[in-house]
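Report on one structure; see the data block that follows.
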Amino acid sequence: MSLNPIASRVPTLLAGRLLGGSIAQTQREMLDLQLGFASGTRLQRGSDDPRATRAIQLLQSSMVRRDQRLNAISWGEAVLGRVDTSLSSLTDLVTEARALAVGQSDDSADADSRAAQAVVVSSMIDQLFAEANAELQGLHIFGGQNGGQRPFVSFLGGVRYLGSGEGLVNDNGLGLPITLSGDEAFGAVSARVEGQVDLNPALSDGVFLEDLGGVDGQGVTGGVVELTVGSTTAEVDLTGAATVGEVLDRLQAGLDTIAPGSTVTTDGSRFSFTVAGADDLVIAGVAGDVGSGLGLEGTFAAGVTTTGGDTQPKLLGRTRIADLEGLSGVLGSIRLENGGNVQTVDFSGAETIADLQNLIDSADLGIRLEVEEAGTLSMFNEVSGTWMSVGEDGGDTATLLGLRSMGLDTPLSVFNDGDGVPIRSGSIDPETGLPDPAGDVDFTISLADGRSFEVDLAGAETVGDVLAALQAAAGAATPPIGPGEFTAELASTGNGIVLTDNSGGVTGTFTVTPANGSRAAEALGLLAPVSGNVISGEDRSMVAVESLFTHLKALERALLQNDNWSIERAAKDLQDDLDRLIDVRGAAGARGERLLLAKDRESELSIMEASLLGEARDLDLTDAALQLTNLEQQLQATLAVTARMQQLTLLNWLG
């Protein structure tokens, strides 16, 4: 074998190094291929192919996130499956309860059979309570976002909801809740007495500027105003002022420098200026909107007291009772009732709205007091299956605060759980075809002296209208019954209409008798028994949570009381519950379908990413085997050349 003349003249040391490097490189490449065969991957180091390495990292990260999402979707499917099972059970239960109510609303049902069915309804309530706390692996499916604890607990003979939020959303990529809230599945979880009195907070030194809506309703921020009297001006920097008192102090200091003897105070919800001297006071905003927000900008006449714009103080928890202009009297006690439990709450020592709220909370009746944006208060019943009443305790505190659940302005439409009071009107004489006023009579009231009068409530919309109609009907009787002989008024303690017979008679009986099949007297609670010369009507305007628990409880109570009308009402309410459950189950099923579609899509993407990852990372065994064969041949050739090089002598060099 002849050697290349150039190679044959390379020094032995250099040739050895070159051939050794070639052998090492070939062996390294063979080692990488052998490691690739062992691991199944073509890259052993990131530097082997930086672009492919980056692509592999991105794909692996995406696949990890996708696997997490698939797990979340699978968990969501399992939870919604449990939801569907529970809703199916609830639908069957409500269907059975409604059928029972319809069957017992028949006039042929007697008190004994209804009492027996009340036991059945009681067991249904127990079933409902258990299903309401259904869970899957520790997650309560009707707790909204708070699935870690039992959402429904027994309280005062009813059920209180402790869940929160609309539903728990896991990492399913769709933002779909996988649990339901209590009100979504079972109806409302609270009911309220809406306040009827705008308490209208006034300005006082301690009121924070951040608690003011501002003249334009945009709130109040800092700034500078300029005061001008005649040719004299002064700038007043209100930046940093936190309270009305601080604003008054700074404005007064400015007035003292340009119009000594002038004063600034507050008048209700407005700032008030009394300008001394002959020149008017002109206030203009220089920086910020504090001047306009506080109603300060404008001209205030000299020699008189002039007020600025309405700053619209907000009613908040820290609002002082003394600052409530809409409160027309001194607070005393109110009477609260829920689920048959009665508490008297004394407000006389309260200094702020928050104090009132804390006093209500301390009564522990499942009732809370809330502040409304409109400047009123509302009382909430948080317990399903109980009926709440907010009444007086011999005074007028509940009325002053606009919280009495049965006041003069209470609409009849809220009576009897929202069924209202059925009042006869527009009766027609079947023989003449003409209006029949006698057919519009709702009930008759008989006094103990034998006199009586008919009551037609047509046109009555509020409790006050009913009381006026009762007194008017008594006055129109023949002979007339004077105001001192018969009175109709609200109860001084608690709630209800109280009828008093002062006729002094002993020959008759003081009674209220329905007429023309009207249920108005019953719906108003006036069929209560007489005690002496007083009929203390039932409170039919009590506030109940419109929920499935309440409706089943109402059915149980109606069956025990053999109250046919209330049984009919319960049947109607249960039909509404059934319709809602069907809708909710459909909506939950739609969520499940969306999760299933998302799961299929994520699975397809996962397969695609796995394929791309394989192309970028996995070793092509056929190609690798061919490369290894070539490298083995290359190594053999290099070793052969190296061996020949080691046999060269000086004669080869000289030749």
For this session: Name the single residue, out of those in the range 516-545 being open to solvent by 70 Å² or more (accessible area, probe 1.4 Å) and touching a helix residue (DSSP H, G or I) at 6+ places or on another chain (Cβ under 7 Å), that is farthest from Asn381 (Cα to Cα).
Result: Asn516
Exercise. What single numbered condition from (1) at pLDDT 95 or above; (2) of a type in the set (D, E, K, R); (3) touching a strand residue (DSSP E or B) at 6+ places or on another chain (Cβ under 9 Å); (4) within 26 Å of Gly420 (Cβ to Cβ) fails to hold for Asp465?
Worked result: (3)
Seminar exercise, completed: Note on the range 190-210: residues touching a Leu at 6+ places or on another chain (Cβ under 6 Å) and within 19 Å of Glu246 (Cβ to Cβ) are Pro201
Problem set entry | One residue from Val189, Val225, Val193 being touching a helix residue (DSSP H, G or I) at 6+ places or on another chain (Cβ under 8 Å) and either closer than 30 Å to Pro411 by Cβ or of a type outside the set (A, V, I, L, M) (or both) | Val189
For this session: Within the range 547-557, identify whether any single residue is closer than 30 Å to Ile367 by Cα and outside any helix (DSSP H, G or I), and answer yes or no.
Result: yes
Exercise. Do we have any residue at all in the range 397-405 that's among the polar types (S, T, N, Q), farther than 27 Å from Leu162 by Cβ and open to solvent by less than 20 Å² (accessible area, probe 1.4 Å)?
Worked result: yes
For this session: For the range 464-472, indicate whether the set of residues that are in contact with an Asp or Glu (Cβ under 8 Å, 6 or more places away or on another chain), part of a loop (DSSP other than H, G, I, E, B) and in contact (Cβ under 8 Å) with a residue 12 or more places away in the chain is non-empty.
Result: no
Seminar exercise, completed: The condition of being hydroxyl-bearing (Ser, Thr, Tyr), under 20 Å from Met406 (Cβ atoms) and either modelled with pLDDT of 95 or more or under 44 Å from the mean Cα position of the chain (by Cα) (or both) holds, among Ser547, Ser518, Ser541, only for Ser541
Exercise. Is it the case that Lys572 is open to solvent by 30 Å² or more (accessible area, probe 1.4 Å), part of a helix (DSSP H, G or I), within 29 Å of Asp393 (Cβ to Cβ) and basic (Lys, Arg)?
Worked result: no
For this session: Please tell me if Thr513 is open to solvent by 60 Å² or more (accessible area, probe 1.4 Å), over 23 Å from Gly418 (Cα atoms), in contact (Cβ under 8 Å) with a residue 24 or more places away in the chain and outside any loop (DSSP other than H, G, I, E, B).
Result: yes
For this session: Filter the range 142-200 down to residues that are part of a helix (DSSP H, G or I) and not small (Gly, Ala, Ser) and give me whichever is surrounded by the most Cβ atoms within 10 Å (Cβ to Cβ).
Result: Phe186
For this session: Mind listing whichever residues of the range 79-135 are farther than 30 Å from Leu168 by Cα, of a type in the set (Asp, Glu) and part of a helix (DSSP H, G or I)?
Result: Glu96, Asp112
Seminar exercise, completed: Of the residues in the range 474-495, those that are open to solvent by 20 Å² or more (accessible area, probe 1.4 Å) and more than 40 Å from the chain's Cα centre (by Cα) number 10
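The values are calculated or read from the model by the stated rules, or taken from the named source; none is laboratory data. Computed from a predicted model, the values in this text were never measured in an experiment. Virtual Cβ from ideal backbone geometry, glycine too; neighbours counted across all protein chains shown. Just the protein is used for accessible areas: all its heavy atoms, side chains included, with ligands, DNA and RNA removed. Shrake-Rupley method; radii C 1.70, N 1.55, O 1.52, S 1.80 Å.
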